[in-house]
1. What are the residues in segment 31-59 that are closer than 17 Å to Phe76 by Cα and charged (D, E, K, R), if any?
2. Which condition breaks for Tyr187 when tested against (1) surrounded by fewer than 17 Cβ atoms within 10 Å (Cβ to Cβ); (2) not in a strand (DSSP E or B)?
3. How many residues are more than 30 Å from Tyr84 (Cα to Cα) and surrounded by 15 or more Cβ atoms within 10 Å (Cβ to Cβ) if we restrict to segment 15-60?
4. Please go through segment 115-161 and give me each residue that is of a type outside the set (S, T, N, Q), touching a Ser or Thr at 6+ places or on another chain (Cβ under 6 Å) and in a helix (DSSP H, G or I), ordered by number.
5. Select from segment 170-179 the residues that are closer than 16 Å to His151 by Cα and either of a type in the set (A, V, I, L, M) or free of Cβ contacts under 8 Å to residues at least 12 places away in the same chain (or both) and write down the one among them that is surrounded by the most Cβ atoms within 10 Å (Cβ to Cβ).
6. Please enumerate the residues belonging to segment 85-106 that are free of Cβ contacts under 8 Å to residues at least 60 places away in the same chain and open to solvent by less than 30 Å² (accessible area, probe 1.4 Å).
7. Taking segment 111-153 as the search range and keeping residues that are over 24 Å from Ala186 (Cβ atoms) and basic (Lys, Arg), which one is most open to solvent (accessible area, probe 1.4 Å)?
8. For a quick check of your reading of the model, give me the residue pairs whose first member lies in segment 21-39 and is under 21 Å from Glu120 (Cβ atoms), whose second is hydroxyl-bearing (Ser, Thr, Tyr) and open to solvent by less than 20 Å² (accessible area, probe 1.4 Å), with beta-carbon atoms closer than 9 Å and at least 6 apart or on different chains.
Amino acid sequence: AVLSRFYDPVAGAVFLDGRDIKTLDVSWLRANIGTVSQEPTLFDGTVAETIAYASPARSSRRDVEAAAEVANASGFIAAFPEGYDTRVGENGALLSGGQKQRLAIARVLLTNPAILLLDEATSALDAESEALVSEALARVARGRTTILVAHRLSTVRRADRVGVLRDGRLVECGTHEQLMAKKDGAYRALVETQLQS
């Protein structure tokens with residue numbers, strides 16, 4: 001919410017390419033950030049309408065299908081009796097958690113954001129769905145600045161840079177390998193705790 005300026009920080013500042021985001025036009029900023037959250041909001045429409053919903057321009061069926069392909073969603077959509085014309089139900093009630101996430105990823109793709117914010121995008125999924133969604137997210141992240149917020153550390157393992165926050169402060173930063181090499185590091189302790197549970 002802070003990155004999209006729904007709230008401003010009480011202390012400190014957020015910078016984008018060296019500029020305090022408070023100096024940027026809010027509409028422009030939000031148009032350049034695509035968000036996939038833990039529980040995406042879906043409306044009672046068809047699969048195609050759900051994917052095309054956030055697109056600033058009218059998206060063709062071809063655009064929708066291409067986005068679904070990249071988001072690893074085309075396979076399950078093809079299995080629906082009415083394909084892209086299948087209704088998803090209120091808030092995606094007729095879909096599994098992994099299917100909802102992949103439709104949300106396809107929807108974000110159509111907006112072509114410069115910044116991709118993934119807020120706990122895989123945390124509510126089973127292992128199989130997490131693998132499919134993670135693969136889709138990796139495809140979507142190519143060529144974009146991607147900020148991944150996660151408590152499930154398997155999600156961040158391949159990130160270029162991992163930042164560990166504690167009480168709102170950055171306490172460690174580096175690659176997975178660099179942070180795991182720190183014997184008394186905060187990240188290593190988190191990973192070891194998750195491996196034990």
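1. Glu49
2. Against the list (1) surrounded by fewer than 17 Cβ atoms within 10 Å (Cβ to Cβ); (2) not in a strand (DSSP E or B), Tyr187 comes up short only on (1).
3. Result for segment 15-60: 4.
4. Glu130, Val133 - these are the residues of segment 115-161 that are of a type outside the set (S, T, N, Q), touching a Ser or Thr at 6+ places or on another chain (Cβ under 6 Å) and in a helix (DSSP H, G or I).
5. Of everything passing the filter in segment 170-179, Leu179 is surrounded by the most Cβ atoms within 10 Å (Cβ to Cβ).
6. Hits for segment 85-106 are Thr86, Val88, Gly89, Gly92, Leu95, Gly98, Arg102, Ala106.
7. Here the answer is Arg142.
8. Arg30/Ser4; Ile33/Ser4; Thr35/Ser4; Gln38/Thr122
The values are calculated or read from the model by the stated rules, or taken from the named source; none is laboratory data. Being a predicted model, the structure only gives us computed values, none of them experimental. Ideal geometry is used to build each Cβ from the backbone, glycine not excepted, and the neighbour counts take in all protein chains shown. Areas reflect the complete protein model, heavy atoms only, side chains present, ligands, DNA and RNA absent. Shrake-Rupley method; radii C 1.70, N 1.55, O 1.52, S 1.80 Å.
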